[in-house]
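Derivation of every value follows stated rules applied to the coordinates shown; laboratory data play no part. In this text the structure is predicted, and so the values were computed from the model without any measurement. Every residue, glycine among them, receives a Cβ derived from its backbone with ideal geometry; neighbour counts consider all protein chains shown.
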Amino acid sequence: MKILVVDDEKDVRTLFEQRFRREIRSGELEFFFAYSGEEALAYLHDHFSEVVLILSDINMPGMSGLELLRHIRQDYEVDPPPPPAVMMITAYGDQESYDEAIRLGASDLLTKPVDFAALKEKLHSLNKA
């Protein structure tokens, strides 16, 4: 399963690679990283049909994660392939962000610090679907 992680904090790559080392080695999960909404859109332009899940921070300089989600849902409304699931990540677990993310088509909203055990469960269930 190919996952695009979008976060302006560059150390997120090391964190994900450490927490999902076993799944990466086995080939169960494959991660790609973008450090801005604009970079994520450029990656999706060339790899949209390969990405199964997008994990995006909401609060980023430039294009926010919610703006990115809006672009994804507007620009890639095509059948097939089915659009990737999008989970938003935020340091602020406020109801307004949650409601806006769900309204724009996010499948879930995770709060920072990310509970990697819970995220692994979600990814395993998504991978089996």
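Remarks
- Gyration tensor (alpha-carbon) shape descriptor, region 8-79, a/c threshold 1.5: oblate
- Beta bridges per DSSP with both ends in region 2-128, % antiparallel, nearest 5: 0
- Using the Karplus relation 6.51 cos²θ - 1.76 cosθ + 1.60 with θ = phi - 60°, the per-residue 3J(HN,Hα) values for region 37-49 come to x, 5, 5, 5, 5, 5, 5, 5, 4, 9, 10, 3, 5 Hz, with x marking Gly and Pro.
- Where GluC sites (Glu not before Pro) fall in DSSP loop in region 1-88, at most 10 other Cβ within 10 Å: 77
- Choice from 34, 101, 42 with maximal GNM fluctuation in the chain (Cα, 10 Å cutoff): 42
- Ranked list, fewest to most other Cβ atoms within 10 Å of each Cβ, for 86, 12, 6: 12, 86, 6
- Reported label for calculated semi-axes √(5λ) of the Cα gyration tensor in Å given [x] 22, 16, 14; [y] 20, 18, 15; [z] 26, 16, 15: [y]
- Residues with amide H under 5 Å from that of residue 5, placed H, sequence gap 5 or more: 32, 33, 34, 55
- Taking amide H atoms as placed 1.01 Å from N in the peptide plane, the amide H of residue 112 lies under 5 Å from those of 90, 91, 92, each 5 or more residues away in sequence or on another chain.
- In order through region 96-104: 3J(HN,Hα) via Karplus (6.51 cos²θ - 1.76 cosθ + 1.60), integer Hz, x for Gly, Pro: 4, 5, 4, 4, 5, 4, 5, 4, 7
- In sequence order, region 55-70 has phi-based couplings of 10, 10, 5, 7, 8, 9, x, x, 6, 6, x, 5, 5, 4, 4, 4 Hz under the Karplus curve 6.51 cos²θ - 1.76 cosθ + 1.60, θ = phi - 60°, and Gly or Pro positions carry x.
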